[in-house]
Every structure is written in structure tokens, then in C-alpha cells.
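J.: Below: one structure in C-alpha cells.
Just so it is clear, none of the values below were taken in a lab; they were calculated from the coordinates. All values reported here derive from a predicted model rather than from experimental measurement. Backbone-built Cβ (ideal geometry, glycine too); neighbour counts: all protein chains shown.
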Amino acid sequence: MKVRMSDRPPASTKPTTLAGKFWETTRTYAPLSVLTFGGTQTHIAIFLDLFVEKYRWIDQKAFAELFAIANSLPGPTSTKIGYAISLIRNGGILLAVWSFLVWSLPGGVIMGGVGIGISSLSGALPAWVRALRDGLVSAAVALVALAAYRLGASLLKDRTTHIINLISFGLSINYYKQPWLFPSLMVFGGLTTYTMSYVEPAFQTWKARREARKAERDIMIKVTKEVDQLLDTEEGEARTEIAGDACPQDSDEIIPAETQTHTSSAPIEPQSSSLDEDENQYSIRISIFVGILFFALWIVLLVGAILLRTLTPSSSPWNVLGTFYFTGSIIFGGGPVVVPLLQSYVVGNSWLTVSEFLIGYAIINILPGPMFNFAAFCGALALRSSAGYSILGAFLAWIGIFAPGIIIQTAVLPMWSRYRSLRTAQIVFKGVNAAAAGLVFSATYLLSQTAIDAKPLGNYPLYVVVTAVCFVAVGFLKMPAPVAIVVGGVVGIFEWLANGMPV
């Protein structure tokens, strides 16, 4: 049932004390940590209902602008939106960070614990665990494929974005181990759409002028032929009659001067403005200068992360921190895009096996909250030499991957509150998003080639069927993603039982 604006609940009263703000933030964001299943798209729908319709902290226009900004910056999309809404509501960074922790930390703790548990297992996995793993990973491949399908349908709207996507896919499946590839593809996509935003209008103008000139030539040729035929006619009286009839027509078509004056001087009533009464009602109480400082901090930390990845051994905690901060700084598109990047870095560094990676991906799809909590699982396994090191790895990876998005969002929001529109950025990130979608397509292929015991998924017909069924069920039959993951695991256990329950 559609609710009229007059029927909507009134905006919730904003607390005035710090304790009141902390309590409001906690009771609002805590349920999200256990209810936000289904990935970024579901998160956005829940945020829209909660913060726009129910509590009315912001309106739909501001929400749409925050959504566009979040999609145009690196980092987890839904996390940045939730952080930005809290920053707008409370006006301070402290409470915005608290809202992020309340929503994201529970899932991060769980994923870190799962990673620590897997790292403590010694020897070969029991047969039933391997069977469970195979079922989970086959369902996980389906979710990656579905993410690629949905991103393609959402982001690829014209020939330019389709070509960028194809180039990104082709390069990433062949050179995915090269550290320069992913950021280079993002730059390529952005520069391409920015350049085409000038080239395409110029080409269309040239094409329209060429067609207009061709049409004029065709008309002139046609008129010339008709005149020649008329002159060749022997019926002179008919020519005289036609010429005589033409003069009154011309005089009749003359518009009286009074009518012309009335037409040209008719006043044009101005269109009524639909702007909000207070266009800056969502202003951020952070100056643009402070925003610039945060942007400088993001750059300095990114340079430091690159140096840590380059100068420290891969088994070092500093290398883990640097790798995940670098990853969080170049991910555009949120959760789905984190899969190919992390797969390249953590599997490429031999921190995780492909099977371990896919198990973690399957588990994160069962849990609520941001998919970037997956980093805690990877960090725990990256430093698996001891339980203490695994805890440190989970913490460093979790902080590293979330920090860049939070920092850059804090840097941009003051400018958003001042200008509220960045058209050039939208053009650039149209190409960036198309390149990111290409990475998800390549992730589907790469993961499927080593999904089951480091062998292609196609070698196991049962799990091919599981992947296909989960893809269709989640994508078109509205089955929740966590249910699909459970179904995959159940199929794996049933296969173990059917094979006589080997040890």
C-alpha cells in the first residue's frame, strides 16, 4: 500500500546530548548487524526504508545523492552510505564511526573467528568437511556469477561501457596476477567515458550536419528535375495558370505585422521551482579544509601501504595491513568487486588456498552486514602461525580494508554539502564501474576453474547442477542468498552420505 506524504510518521526528534545521540545511534544501527542479509542491494533497500521512510533523517533526494557518491568512491558502498547518514544526523565523526562499528564489527568478529578456526585445523580436512566445502563453494560460484550478471545489466547501458567491460574481462583473466592491472583498468574506464563524453556529441553533431546537407542536396535535385520537366512541357497555358496561382498563395501566407508582434512578444511564465525550502539542510559540520586534510591522509596512507607491500615480506603483519589498505583504496563497486581483488592478492600470495577462499566467500554470504568483513577471515589465515597472530591478522585486514572508504567519504562529504553535484565525476565513474563489472565476470571464470579441489567445476556434474540451480533460484525465483548457500552445503553432505561416509 502506498503511503501518502501526509500519512508518513513525523521525523524523529534529534537528541541534544551526547549520551542521547550515542543511544539513538546504537539502537538504530544495532539491528542492522543481524538483519542486513543479501548484499549491497538489500542493504540499500533497508536503509531507504529505515532512514528515509521511517525515521526521516534525510529525504529521498539526499539519499540518492549519497548513493551516487558512494558508488563513485572506493570502498564498501552500503557502509559508506550508513556512515554518511550518521554523520549528517549527528554532525560529528565520532558518532559516525560508532555507527560503522555497531553495524560492521559483529560480522567482522565472526569472520575472524571462522578464519582462526580453519587455521587451527591440522592435517587433511575430514571427508565430510571436504564434502560440505564442495557444496558451499559450488553455491558461492553461482553467487559470483549472479553478481556479474546483475552488475552487467545495471551498469552496461551503451556501446562504450560494453566495450570497456569486455576489455576489462579479457585482460583480467589473462593478467590477474599483475599488481598494476586493476587500478590501470579503473583509470582506463574513467578516461574512456570522460573522453567519449566530448567525442560522442561532436560526432553526433557532425553526423546530423552531414545528413542535413545530404537532405538539402536531395531536395535541390528533386526540385531541379521537376522544374526541368515543367519547362519541357508544351502546354504553355498550364504553366501560365500555375504561375498565376502561385502569387496569391504567397500573399495569403504573409502574417500580419500585428499578429507577428503579438506572437513574438508573448510573455513566458517562469516555471515554478520545486527546490527544497532549505537546500543546505543536510550540511556537514566539517569544513572543506578538514575534508582536504582527510584526502591528504588517504593519499599518504595509500603511499605507505604500497611501500609496505613492496618492502616487507609477505608473511609480515605490515604486509597484511598494507595489502588490505591498498585493496580497500582501489575497489570501486562495493562487495562484488572485492572478490576478484582479494582472490588475486590473498591466493596469489599463498595466504589462502582457493578452497579456503571460496569457503570464506560462502560463509560471508550467509552472514548479515558488509561483505568487506570477508577481509577478517583472509587476514586470520594470512598470519596463521599462531592463534595470537591470526587474531592480529584478522584485525589488521579488517581495519585496512574499511579505513580507505571511511576516510575518503569523510573527505568528500563537506564538498557534497557545499556543491551537491559533481557531473564530471559521474561521467568518469560510469567507465570505472563498467571496468569493475568486467572484473566480476573474470572472477566467475577464474573461481570456476579451481573451485573443487583446485580443479574446474565442470569436472563435477553434480556441483555444476548445484551452481546452476542456485543461480536461477537466487536470481529469478527470489530465494535468499543464505538459503542457497545452505542448499549447497546440504547437497555436499548428501553426496558424502551417498558415497558411504568415507573418513
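J.: Tell me the net charge near THR16. Cut-off is 15 Å between Cβ atoms, THR16 excluded, with +1 for each Lys or Arg and -1 for each Asp or Glu.
T.: Around THR16, the charge tally is +3.
J.: Determine the distance separating the Cα centre of the range 54-83 from the Cα centre of the range 291-365; give it in Å without decimals.
T.: Between the Cα centres of the range 54-83 and the range 291-365 lies a distance of 24 Å.
J.: Sum up the charges of everything whose Cβ sits under 11 Å from the Cβ of ALA127, counting Lys and Arg as +1 and Asp and Glu as -1, but leave ALA127 out.
T.: Computed value for this residue: 0.
J.: Near LEU358, within a Cβ-to-Cβ distance under 15 Å, what is the net charge of the other residues, with Lys and Arg +1 and Asp and Glu -1?
T.: The answer is 0.
J.: Continuing with the same structure: Could you name the lysines in cross-link range of LYS222, using Cα to Cα under 16 Å and dropping any fewer than eight places away on the same chain?
T.: LYS214
J.: Sticking with this one: List, in order, the whole-Hz ³J(HN,Hα) value for each residue of the range 447-463 obtained from phi through the Karplus relation with A = 6.51, B = -1.76, C = 1.60 and θ = phi - 60°; use x for Gly and Pro.
T.: 5, 5, 6, 9, 6, 10, 6, 6, 10, x, 4, x, 6, 10, x, 4, 6
J.: For a quick check: with amide H placed at 1.01 Å from N, whose amide H comes under 5 Å from ILE452's, ignoring anything fewer than 5 positions away on the same chain?
T.: Here LEU457 satisfy the definition.
J.: Another one. In terms of the Cα gyration tensor, with a ≥ b ≥ c the square roots of its eigenvalues, is the range 380-469 rounded because a/c is under 1.5, prolate because a/b exceeds b/c, or oblate?
T.: oblate
J.: Calculate, in nm to one decimal, what GLN229 and LEU293 gain on full extension: separation in residues at 0.36 nm each, minus their alpha carbon distance.
T.: Once the chain is fully extended between GLN229 and LEU293, it gains 15.1 nm.
J.: In straight Cα distance, which lysines are under 29 Å from LYS455, not counting same-chain residues fewer than 8 positions off?
T.: LYS177
J.: On a straight-distance basis, which lysines could pair with LYS14 in a cross-link, Cα separation under 21 angstrom, same-chain partners fewer than 8 positions away excluded?
T.: Partners found: LYS54, LYS61.
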